[in-house]
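The values are calculated or read from the model by the stated rules, or taken from the named source; none is laboratory data. The structure displayed is predicted, hence computed values, not measured ones. Heads up, the Cβs are rebuilt from the backbone with ideal geometry, glycines too, and the neighbour counts pull from every protein chain shown. Accessible surface areas use protein heavy atoms only, side chains included; no ligands, DNA or RNA. Shrake-Rupley method; radii C 1.70, N 1.55, O 1.52, S 1.80 Å.
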Amino acid sequence: MSDIQLLLLAAGGSKRMKEPKQLLSWSGTTLIEHQIHNLMATGKILSVVVGAYSNRVIPLIDSLPVNIIKNDNWQYGMGSSISKGIQDIHRKHPKLDAVLISLIDQPLLTTQHFNKMFEVFKPGNDQIIVSNSKDSWAGAPVLFDKTYIQELIQLQGDEGAKKITNQYKSSVLAVDAGDVLIDMDTPEAYQQLKQGFNDGN
């Protein structure tokens, strides 16, 4: 069985949301706990990068069987958090086959979608597996073969992993995700998603 490590990015300052995304109510719990449980249900090892609001987030998840990585430079952008997370994972699991990177603000994603991505992955083929929306938009969550570990570690500032997927387009495979890739950056988007897809909690 492939050693696929999971990385959840939950370090952002939620500037447009105007309150911590990590602590938003979702399905009877907080958004970060909801996302963690979905990822943990795959049975794979999960690391979570925290940064902004870490003094409130860490106590929520400290008792869960996850590896918590604190990024003190979270304000420099997503690239900083990816780099910090991948460095930590690679140090602890140097023989890993791949890393799946997921975002805090895609609450409609399910464990089934992550498992679909794992089924497509073939170790040693330099694959990058992206998620494809019904509108043909491709992005996170993204699974990277170990080939790209050093390039992920070298990301800086606001550079996201899309820089790498764009550079290696011939290695990219897409897994259909339907309409669950919607992310939420504003209070309006949060309320709309919650009313449309959640149970009202």
Response to the item:
Within the stretch 137-179, the residues that are out of contact with any helix residue (DSSP H, G or I) (no Cβ under 7 Å at 6 or more places or on another chain) and of a type in the set (A, V, I, L, M) are A138, A140, A174
Worksheet item: How about the stretch 60-81: which of its residues are hydrophobic (A, V, I, L, M, F, W, C), outside any loop (DSSP other than H, G, I, E, B) and either closer than 21 Å to I149 by Cβ or open to solvent by 50 Å² or more (accessible area, probe 1.4 Å) (or both)?
Response: L60, I68, I69, W74, M78
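Yes/no matrix, rows are residues, columns are (1) in contact with a strand residue (DSSP E or B) (Cβ under 6 Å, 6 or more places away or on another chain); (2) modelled with pLDDT of 95 or more:
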| site | (1), (2) |
| --- | --- |
| G12 | no, no |
| M17 | no, no |
| E33 | no, yes |
| G43 | no, yes |
| S47 | yes, yes |
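Looking only at the stretch 111-130, which residues are β-branched (V, I, T) and farther than 12 Å from V99 by Cβ? Step through it out loud before you land on a result.
First, pick out the residues of the stretch 111-130 that are β-branched (V, I, T): 111, 120, 128-130.
Passing the criteria: T111, V120, V130.
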Fill in: Search result, residues across the stretch 1-52 that are closer than 21 Å to M78 by Cα and among the polar types (S, T, N, Q)
Q5, S14, Q22, Q35, S47
Worksheet, complete the sentence: Counting only residues that are part of a loop (DSSP other than H, G, I, E, B) and touching a Ser or Thr at 6+ places or on another chain (Cβ under 7 Å), the stretch 42-51 contains a total of 1
Worksheet entry | Of all residues making up the stretch 1-59, the number that are aliphatic (A, V, I, L, M), more than 28 Å from Q195 (Cα to Cα) and either more than 12 Å from the chain's Cα centre (by Cα) or open to solvent by 10 Å² or more (accessible area, probe 1.4 Å) (or both) | 3
Worksheet entry | Count of residues meeting criterion [loosely packed, with under 14 Cβ neighbours inside 10 Å and of a type in the set (A, V, I, L, M, F, W, C)] in the stretch 89-123 | 1
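Got a sec? Which of A174, A161, A138 is more than 20 Å from Q5 (Cα to Cα) and either open to solvent by 70 Å² or more (accessible area, probe 1.4 Å) or of a type outside the set (D, E) (or both)? Working first, answer last.
Values: A174 fails: more than 20 Å from Q5 (Cα to Cα); A161 fails: more than 20 Å from Q5 (Cα to Cα).
So the residue among A174, A161, A138 that is more than 20 Å from Q5 (Cα to Cα) and either open to solvent by 70 Å² or more (accessible area, probe 1.4 Å) or of a type outside the set (D, E) (or both) is A138.
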